[in-house]
1. Which pairs do you get when a residue that is among the β-branched types (Val, Ile, Thr), found in the range 220-236, comes within reach of a residue that is assigned to a loop (DSSP other than H, G, I, E, B) and more than 16 Å from the ligand (Cβ to nearest atom), reach meaning Cβ atoms under 8 angstrom, with the pair 6+ apart or on two chains?
2. What about Val86, is it more than 26 Å from Glu236 (Cα to Cα), away from the ligand (no atom under 16 Å from the Cβ), open to solvent by 20 Å² or more (accessible area, probe 1.4 Å) and not aromatic (Phe, Trp, Tyr)?
3. Filter the range 196-213 down to residues that are more than 25 Å from Tyr149 (Cβ to Cβ) and small (Gly, Ala, Ser) and give me whichever is farthest from the chain's Cα centre (by Cα).
4. Being open to solvent by 10 Å² or more (accessible area, probe 1.4 Å) and under 22 Å from the mean Cα position of the chain (by Cα) is the filter here; which residues of the range 150-162 pass it?
5. Quick one: count up the residues across the range 267-312 that are part of a helix (DSSP H, G or I) and either within 11 Å of the ligand (Cβ to nearest atom) or under 17 Å from the mean Cα position of the chain (by Cα) (or both).
6. Could you count how many residues in the range 317-347 are outside any helix (DSSP H, G or I) and open to solvent by 50 Å² or more (accessible area, probe 1.4 Å)?
7. In the range 299-316, how many are more than 21 Å from Val260 (Cβ to Cβ) and surrounded by fewer than 24 Cβ atoms within 10 Å (Cβ to Cβ)?
8. Hey, among the residues in the range 361-402 that are among the basic types (Lys, Arg) and part of a strand (DSSP E or B), which one's nearest to the chain's Cα centre (by Cα)?
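The values are calculated or read from the model by the stated rules, or taken from the named source; none is laboratory data. Worth saying up front: this structure is predicted, and the values here are computed from it rather than measured. As a convention, Cβ positions derive from the backbone with ideal geometry for all residues, glycine included, and neighbour counts pool all protein chains shown. Each accessible area value is taken on the protein alone, full model and side chains, heavy atoms only, with ligands, DNA and RNA left out. Shrake-Rupley method; radii C 1.70, N 1.55, O 1.52, S 1.80 Å.
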Amino acid sequence: MTTSDSSTLVNGIAQERRLVTAIPGPKSVEMQKRRTGAVSAGVGATMPIFIDRAAGGVVVDIDGNSLIDMGSGIAVTTVGNSDQGVVDRVTEQVAKFTHTCFMVTQYEGYVEVCEALNRLTPGDHEKRSALFNSGAEAVENAVKIARVYTKRQAVVVFEHGYHGRTNMTMAMTAKAAPYKTGFGPFSPEIYRMPMSYPLHDGLSGPEAAAKAISRMSKEIGADQIAAIVIEPIQGEGGFIVPAEGFLKDIVKFANDNGIVFVADEVQAGFCRTGKWFASEHEGIVPDLITTAKGIAGGLPLAAVTGRAEIMDSVHAGGLGGTYGGNPIACAAALGSIAAMESQDMNAKAVRIEEIMRPRLEKIAEETGVIAEVRGRGAMIAVEITKPGTHEPDAELTSKIAKGCHGEGVVVLTTGTYGNILRFLPPLVMPEHLLEDALTIIEQQFKEALA
Ligand code: PLZ
């Protein structure tokens, strides 16, 4: 039995790493068989375990193993699983009414979430929002809005970018396997430009921007571009932080040419990076911003927020969807936002980086297989390469991740080359668990290299 000691309880759940069986345990193995017989093989899973409870910094599986959650269900449970404020608001709402469809008969929660988004997103201009169900849907709607507003068609995205799995957002996503392979034909008028990737391109922000701008001008024509869509810190691409000045120059190019600049903050938004939105680190003000994931404590909700004149340019009835801005998801969002504000979650994200960065840098120094520790706040990753090179080592990355899983730490891998180990802990992660997770990660690097 492996444990990390603690008497702390969150929602009655001990904040400890506790392994009582092998991973996966016998109950999960049984359930995996049922899963295989019932669930499409096309739906993947990082770990072959099934969860019974989760709170604070842990997920507890059906065999009773308590694992440290360094993934937050891919950057979703920012305020922690089943945060009390979220539970209270959702419970109250679910008992009142579950659905009317905002496009049929309206309710206050939807309006209140839009007001919060308009207030919290960068820029003090007048804003409007519209609510959807998933990040992909938000991105797709941002493109629809930009096309109506500009009466143009071309959409610019970037290398290593990820925007979703619907047809248009698949086209916008850079990586083929597993997201796009065999699923074409893809939506037209999507153009991919070089991303600023300081570790690999060796360019300053302005140099990298000049390269992308020259290509946009020559290969598409600035006056043909409806929208430039970019993640201010790329998520699935490998937590790539563009060199300083890159985003600013791209925003200026967009502004100078009547192009709608869209920041896809689905992964980086809502306190994840130590600011409400990652755009703020560079002082950029997007015309439109897409959000999802962390917005609603685990319930499906997404949004497009932006300049009133752009958002209001769409004909009445042009935006919507049966479930978009569902009242229960809105209640969860209001609970999450309240938790972020009252518990100063941005400070918690900064503190997580303070703890993680030096320990990861120490692993980098000691092992020689980490080309870079990067990210901001509680969105931190290491790029794993063959020693002394920038050559990706996906095999080693996967070995280390699996080793962590076996020791009760949920970590995720990502990146175009599969060689990024990324960490997205809930911001309420207790410090003793964060330290314990880092110790396991360090051990697993050493074991994988032994
Ligand atoms: N934009 C920046 O990170 C979702 C994808 C997981 P949805 N990223 C996790 C997977 O393998 O499907 C994401 C993102 C950015 C858009 C999306 C899409 O958000 O809510 O998954 O549709």
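1. Going by the 8 Å Cβ cut-off, the qualifying pairs are Ile225/Arg152; Ile225/Asn257; Ile225/Ile259; Ile228/Ile259.
2. Against the criterion (more than 26 Å from Glu236 (Cα to Cα), away from the ligand (no atom under 16 Å from the Cβ), open to solvent by 20 Å² or more (accessible area, probe 1.4 Å) and not aromatic (Phe, Trp, Tyr)), Val86 does not qualify.
3. Ala210
4. Listed by number, the residues that qualify are Glu159, His160, Tyr162.
5. The number of residues fulfilling the criteria is 8.
6. Matching residues across the range 317-347 total 5.
7. Residues flagged as more than 21 Å from Val260 (Cβ to Cβ) and surrounded by fewer than 24 Cβ atoms within 10 Å (Cβ to Cβ) within the range 299-316 amount to 2.
8. Once the filter is applied, the top-ranked residue is Arg376.
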